[in-house]
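Asks: Here it is, the structure, as structure tokens.
The values are calculated or read from the model by the stated rules, or taken from the named source; none is laboratory data. None of the values given here were measured: they were computed from a predicted structure. When we count neighbours, we look across all protein chains shown, and the Cβ atoms used for this are built from the backbone with ideal geometry, even at glycine.
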Amino acid sequence: MAWRVRPNGQASVARGHTKQAKQGASGAVEAPTRTPVSPAPSQALKKASAAKARPRAQRAPAGVAPDALIARFWGVRGSYATPRVGGGHVGGDTTCMELRYGRQTVVIDAGSGAIALGEELMRRANSQPDQPCEITLLLTHAHHDHLCGLPFFAPLYDPRFHIHLFGPDLAGMRFDDIVAGYMRAPYFPVDFRALPSRRTLTSLGDGDQILLPAEGAPRLITAATRIPGDALLVDALLSQLHPVDGSMVYRFTAGGARLIFATDVEVRGQNPEADHRLIAFARSADILIHDAQYSEQDYGGAAPKRGYGHSTPAMAVRVAREAGVGRLVLFHHEPHYDDQAVMELERQARADFPETITAREGLELRLDCLDGMRRRLV
Ligand SMILES: [Zn+2]
């Protein structure tokens, strides 16, 4: 497996656990590994180059199995948005990630990063008016940094869009009440239930699975459901590693490729059973996106952040190692840390787990899954 970082900040990940970073003609390689650079172009490299020639937002033609799972970060901070910190490499918006697989678009969390993503989704809808405007929006939990972009998410205000929202019931509240309660007077002038878009809200429980077919709406499935080979499958794990009610961790599986989104988790050994569940859930994933908010100093220093529900990079590395994942992406950065501080945490993590990279706004990861898709087509 290799990371490729293009000049515009996009990165590509080829599957296969080759442990080598391979340099392409199109741009510099970000070096998550200390292994030598191989001059031989990989299959994935060829696919990535071909993909580069296509407009990024172009949807796959109907009936063609997608060849990649593409993740893009629109907000990577935790706790609150931070326009004040130095630099501009990491970005200051709170959590939001977009996942594209063929004709499906999935949004994970609606932090302030969702505002720019919403604008992009409107541009795509306007440029491809013949395509259905269907989005799946998964929420991990309801803390402010994961919801503050929702009232400003442009597709909510457009009648062309059908938005399928999924997330956990929390603190004795149903998921639909949690979301609707966030956009109502006196907190916000527009009522969620009166928006012009079409919205479907579904509560998710621990162990639930969502099937996203090649085309059409996502749906909850049971163990008996036959899963088409060109579908994107989402598994939900309600982790109890975040106060007070936990947070949902998501696993995305497509064509044999596997990506884990595990934010707002504190893996400190205090709750070994919960730690173990997370590690088992992430087993053998190609990519693990994991909370890594605090430096060791802040986590255990004079004003310790222990118990806040967030990990250090060392904790994220522990999960990555024990789960045997291919790559680790550090995420949910502390808003006080400038670019230099965040990248220092990445440097430290790489000493113990070389296949580590830091999430930053605009970073795009491409997870090749064509071969697995061919194997699994039913
Ligand atoms: Zn958070």
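Asks: Would you tally the residues in region 166-190 being more than 22 Å from the chain's Cα centre (by Cα), within 16 Å of the ligand (Cβ to nearest atom) and closer than 25 Å to Gln104 by Cα?
Replies: Within region 166-190, residues that are more than 22 Å from the chain's Cα centre (by Cα), within 16 Å of the ligand (Cβ to nearest atom) and closer than 25 Å to Gln104 by Cα number 0.
Asks: Look through Ile163, Ile135, Ile108, Ile115 and report the one residue that is at pLDDT 95 or above and within 16 Å of the ligand (Cβ to nearest atom). Walk me through how you get there before you give the answer.
Replies: Details: Ile163 fails: within 16 Å of the ligand (Cβ to nearest atom); Ile135 fails: within 16 Å of the ligand (Cβ to nearest atom); Ile115 fails: within 16 Å of the ligand (Cβ to nearest atom).
Result of the check over Ile163, Ile135, Ile108, Ile115: Ile108.
Asks: Quick one: count up the residues across region 91-122 that are of a type in the set (D, E, K, R) and either closer than 17 Å to Leu232 by Cα or free of Cβ contacts under 8 Å to residues at least 24 places away in the same chain (or both). Steps first, answer last, please.
Replies: From region 91-122, those of a type in the set (D, E, K, R) are 93, 98, 100, 103, 109, 119-120; that's our starting set.
Now narrow it down to the ones that are either closer than 17 Å to Leu232 by Cα or free of Cβ contacts under 8 Å to residues at least 24 places away in the same chain (or both): 98, 100, 103.
Summing the residues that are of a type in the set (D, E, K, R) and either closer than 17 Å to Leu232 by Cα or free of Cβ contacts under 8 Å to residues at least 24 places away in the same chain (or both) in region 91-122 gives 3.
Asks: Also, quick follow-up: Residues Asp245, Asp206: which one is within 29 Å of Ala320 (Cα to Cα), within 16 Å of the ligand (Cβ to nearest atom), surrounded by fewer than 22 Cβ atoms within 10 Å (Cβ to Cβ) and over 18 Å from the mean Cα position of the chain (by Cα)?
Replies: Details: Asp206 fails: within 16 Å of the ligand (Cβ to nearest atom).
The match here is Asp245.
Asks: Could you check region 248-266 and list, in sequence order, the residues that are within 15 Å of the ligand (Cβ to nearest atom) and either charged (D, E, K, R) or not in a strand (DSSP E or B) (or both)? Working first, answer last.
Replies: Taking region 248-266 first, the residues within 15 Å of the ligand (Cβ to nearest atom) are 248-250, 261-266.
Result: Thr263, Asp264, Val265, Glu266.
Asks: Is region 270-289 home to any residue that is closer than 18 Å to Pro243 by Cβ, assigned to a loop (DSSP other than H, G, I, E, B) and in contact with a Phe, Trp or Tyr (Cβ under 8 Å, 6 or more places away or on another chain)?
Replies: First, the residues of region 270-289 that are closer than 18 Å to Pro243 by Cβ: 270-275, 277-278.
Still in the list and also assigned to a loop (DSSP other than H, G, I, E, B): 270-271.
Imposing the further condition that a residue be in contact with a Phe, Trp or Tyr (Cβ under 8 Å, 6 or more places away or on another chain) reduces the set to none.
There is no residue in region 270-289 that is closer than 18 Å to Pro243 by Cβ, assigned to a loop (DSSP other than H, G, I, E, B) and in contact with a Phe, Trp or Tyr (Cβ under 8 Å, 6 or more places away or on another chain).
Asks: State whether one or more residues within region 211-228 are surrounded by 16 or more Cβ atoms within 10 Å (Cβ to Cβ), farther than 25 Å from Leu328 by Cβ, of a type outside the set (Val, Ile, Thr) and within 16 Å of the ligand (Cβ to nearest atom).
Replies: no
Asks: In the list His141, His89, which residue meets the criterion of being within 16 Å of the ligand (Cβ to nearest atom) and outside any strand (DSSP E or B)? I'd like the intermediate steps shown before the answer.
Replies: Working: His89 fails: within 16 Å of the ligand (Cβ to nearest atom).
Being within 16 Å of the ligand (Cβ to nearest atom) and outside any strand (DSSP E or B) holds for just one of His141, His89, which is His141.
Asks: How many residues does region 248-273 hold that are more than 22 Å from Ala68 (Cβ to Cβ) and either among the aliphatic types (A, V, I, L, M) or in contact with a Cys (Cβ under 6 Å, 6 or more places away or on another chain) (or both)?
Replies: Result for region 248-273: 4.
Asks: Quick one: what pairs do we get from region 262-291, first residue farther than 19 Å from Phe331 by Cα and without any contact (Cβ under 8 Å) to a residue 60 or more places away in the chain, second within 16 Å of the ligand (Cβ to nearest atom) and not basic (Lys, Arg), C-beta under 6 Å, 6+ apart or different chains?
Replies: Taking only residues 6 or more apart or on different chains, the pairs are Ala274/Gln240; Ala274/Leu241.
Asks: Being within 16 Å of the ligand (Cβ to nearest atom) and not small (Gly, Ala, Ser) is the filter here, so list the residues in region 306-324 that pass it.
Replies: Going residue by residue through region 306-324, those that are within 16 Å of the ligand (Cβ to nearest atom) are 307-312, 315-316.
Hits for region 306-324 are Tyr308, His310, Thr312, Met315.
Asks: Would you mind finding the one in Ala231, Ala303, Ala282, Ala292 that is closer than 23 Å to Gly75 by Cβ, away from the ligand (no atom under 16 Å from the Cβ) and small (Gly, Ala, Ser)?
Replies: Values: Ala231 fails: closer than 23 Å to Gly75 by Cβ; Ala303 fails: closer than 23 Å to Gly75 by Cβ; Ala292 fails: away from the ligand (no atom under 16 Å from the Cβ).
It is Ala282.
Asks: So is Leu220 in contact (Cβ under 8 Å) with a residue 40 or more places away in the chain and either of a type in the set (D, E, K, R) or under 30 Å from Ala316 (Cβ atoms) (or both) or not? Walk me through how you get there before you give the answer.
Replies: Values: in contact (Cβ under 8 Å) with a residue 40 or more places away in the chain: no; either of a type in the set (D, E, K, R) or under 30 Å from Ala316 (Cβ atoms) (or both): yes.
Here the answer is no, as Leu220 does not meet what is asked.
Asks: What's the number of the only condition in (1) crowded, with 20+ Cβ neighbours inside 10 Å; (2) in contact with a helix residue (DSSP H, G or I) (Cβ under 7 Å, 6 or more places away or on another chain) that Phe331 fails to meet?
Replies: Condition not satisfied by Phe331: (2).
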